[in-house]
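Trainee: Once you've had a glance at the structure underneath, I'll fire off some questions.
The values are calculated or read from the model by the stated rules, or taken from the named source; none is laboratory data. What you see is a predicted model; the values in this text were computed from it and never measured. Note: ideal-geometry Cβ built from the backbone for every residue, glycine included; neighbour counts use all protein chains shown.
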């Protein structure tokens with residue numbers, strides 16, 4: 001996904017001369033296409049993510065369309081105060097890009113796990129939150145974020161994630177996508193768990209429906225309503241803490257639909273996510289997913 005992001009950002013920067021990229025001493029062998037073509041619109045601020053966010057805010061106040069980039073927990077958890085006060089309070093045109101969401105950097109231990117970022121970022125006013133499920137979604141969302149004037153958070157996988165979609169006709173901010181039509185049970189997911197869910201459903205011939213929900217804030221309430229009317233059961237699965245994550249957003253959205261009179265009753269929902277604990281061992285991403293119980 002990170003390669004798809006930077007390739008698309010280069011294309012957007014050719015059209016928008018205000019696109020500016022900041023990195024926290026990261027992205028070697030990834031960011032070079034942007035650096036080589038737009039050296040005057042790139043800055044490596046070093047291992048100083050809080051300063052990076054402040055610099056981004058200053059550039060945005062001067063009219064730049066700024067993207068910050070680092071390993072997922074560093075541009076988010078480490079500088080949440082700067083994101084809240086410097087960026088979102090002033091509704092500035094800063095896009096926070098994290099690479100290696102969830103357990104993508106599993107071998108580096110808990111300090112590099114990004115498993116609470118959705119819950120933190122989505123609660124801040126003015127912030128849009130997106131977690132694309134494959135490189136095609138990542139490309140489209142990068143374009144939408146360049147076009148959007150305001151704070152955004154783009155939660156990417158690491159590298160090598162395969163395509164799930166053959167094509168996407170339309171994907172605007174706030175949209176979800178039907179991936180597989182099914183009966184009885186619908187699986188809703190975001191981020192790199194999309195590929196796992198698609199493979200599982202196809203291999204086990206469960207007949208489940210599958211939906212990718214790349215926009216966590218705002219979420220596609222109209223699609224959620226449609227799913228609740230067509231399916232008896234709903235499963236959410238995510239590579240994030242259960243508390244405050246994607247599944248929580250779905251629960252909140254359904255509550256609002258019921259309270260607003262758009263649904264007569266609350267649907268049956270099972271949430272799959274990381275339990276309230278740290279995984280304190282090093283290993284592969286798949287191994288840590290297994291330890292956390294991230295399976296259908």
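Trainee: Mind counting the residues in segment 287-296 that are more than 13 Å from residue 109 (Cα to Cα) and out of contact with any strand residue (DSSP E or B) (no Cβ under 9 Å at 6 or more places or on another chain)?
Mentor: Summing the residues that are more than 13 Å from residue 109 (Cα to Cα) and out of contact with any strand residue (DSSP E or B) (no Cβ under 9 Å at 6 or more places or on another chain) in segment 287-296 gives 2.
Trainee: Identify, please: which residue in segment 75-85 is crowded, with 19+ Cβ neighbours inside 10 Å and in contact with a strand residue (DSSP E or B) (Cβ under 8 Å, 6 or more places away or on another chain) and is, among those, nearest to residue 25 (Cα to Cα)?
Mentor: So the residue we want is 75.
Trainee: Sticking with this structure for a sec: Quick one: in segment 138-171, of everything that is assigned to a loop (DSSP other than H, G, I, E, B), at pLDDT 95 or above and touching a helix residue (DSSP H, G or I) at 6+ places or on another chain (Cβ under 7 Å), which residue is surrounded by the fewest Cβ atoms within 10 Å (Cβ to Cβ)?
Mentor: Among them, the one singled out is 163.
Trainee: Would you tally the residues in segment 88-115 being in a loop (DSSP other than H, G, I, E, B) and within 12 Å of the chain's Cα centre (by Cα)? Full working, then the answer.
Mentor: As a first pass, look at segment 88-115 and keep what is in a loop (DSSP other than H, G, I, E, B): 89-93, 100-101, 103-105, 109, 113, 115.
Subsequent filtering for residues that are within 12 Å of the chain's Cα centre (by Cα) retains 100-101, 115.
Number of matching residues: 3.
Trainee: Counting only residues that are more than 27 Å from residue 192 (Cβ to Cβ) and surrounded by fewer than 19 Cβ atoms within 10 Å (Cβ to Cβ), how many does segment 24-41 have?
Mentor: First pass over segment 24-41, keeping only residues more than 27 Å from residue 192 (Cβ to Cβ): 36-41.
Okay, now just the ones that are also surrounded by fewer than 19 Cβ atoms within 10 Å (Cβ to Cβ), so 36-40.
Selection size over segment 24-41: 5.
Trainee: Still on this structure: When you check residue 288 against the structure, is it touching a helix residue (DSSP H, G or I) at 6+ places or on another chain (Cβ under 6 Å) and in a helix (DSSP H, G or I), yes or no? Working first, answer last.
Mentor: On the way: touching a helix residue (DSSP H, G or I) at 6+ places or on another chain (Cβ under 6 Å): yes; in a helix (DSSP H, G or I): yes.
It is true that residue 288 is touching a helix residue (DSSP H, G or I) at 6+ places or on another chain (Cβ under 6 Å) and in a helix (DSSP H, G or I).
Trainee: With assigned by TED's automatic domain parsing to the domain that holds residue 142 and closer than 21 Å to residue 155 by Cβ as the only criterion, which of 51, 36, 65 stands out? Please lay out each step first, then the result.
Mentor: Values: 51 fails: closer than 21 Å to residue 155 by Cβ; 36 fails: closer than 21 Å to residue 155 by Cβ.
Step by step, each of 51, 36, 65 is checked, and only 65 is assigned by TED's automatic domain parsing to the domain that holds residue 142 and closer than 21 Å to residue 155 by Cβ.
Trainee: Going through 257, 188 one at a time, which residue ends up being more than 20 Å from residue 104 (Cβ to Cβ), in contact (Cβ under 8 Å) with a residue 12 or more places away in the chain and either in the same structural domain as residue 102 (by TED's automatic domain parsing) or out of contact with any strand residue (DSSP E or B) (no Cβ under 9 Å at 6 or more places or on another chain) (or both)? Give the derivation first.
Mentor: Numbers: 188 fails: either in the same structural domain as residue 102 (by TED's automatic domain parsing) or out of contact with any strand residue (DSSP E or B) (no Cβ under 9 Å at 6 or more places or on another chain) (or both).
Unique residue meeting the criteria: 257.
Trainee: Considering each of 212, 280, 284 in turn, give the residue that is within 30 Å of residue 108 (Cα to Cα), buried (at least 22 other Cβ atoms within 10 Å of the Cβ) and touching a residue at least 12 places away in the same chain (Cβ under 8 Å).
Mentor: Working: 280 fails: buried (at least 22 other Cβ atoms within 10 Å of the Cβ); 284 fails: buried (at least 22 other Cβ atoms within 10 Å of the Cβ).
The conditions single out 212.
Trainee: Applying the selection to segment 126-137, what residues are surrounded by fewer than 22 Cβ atoms within 10 Å (Cβ to Cβ) and either touching a helix residue (DSSP H, G or I) at 6+ places or on another chain (Cβ under 6 Å) or free of Cβ contacts under 8 Å to residues at least 12 places away in the same chain (or both)?
Mentor: First, the residues of segment 126-137 that are surrounded by fewer than 22 Cβ atoms within 10 Å (Cβ to Cβ): 126-127, 136.
If the condition is that a residue be surrounded by fewer than 22 Cβ atoms within 10 Å (Cβ to Cβ) and either touching a helix residue (DSSP H, G or I) at 6+ places or on another chain (Cβ under 6 Å) or free of Cβ contacts under 8 Å to residues at least 12 places away in the same chain (or both), then 126, 127 are the ones that fit.
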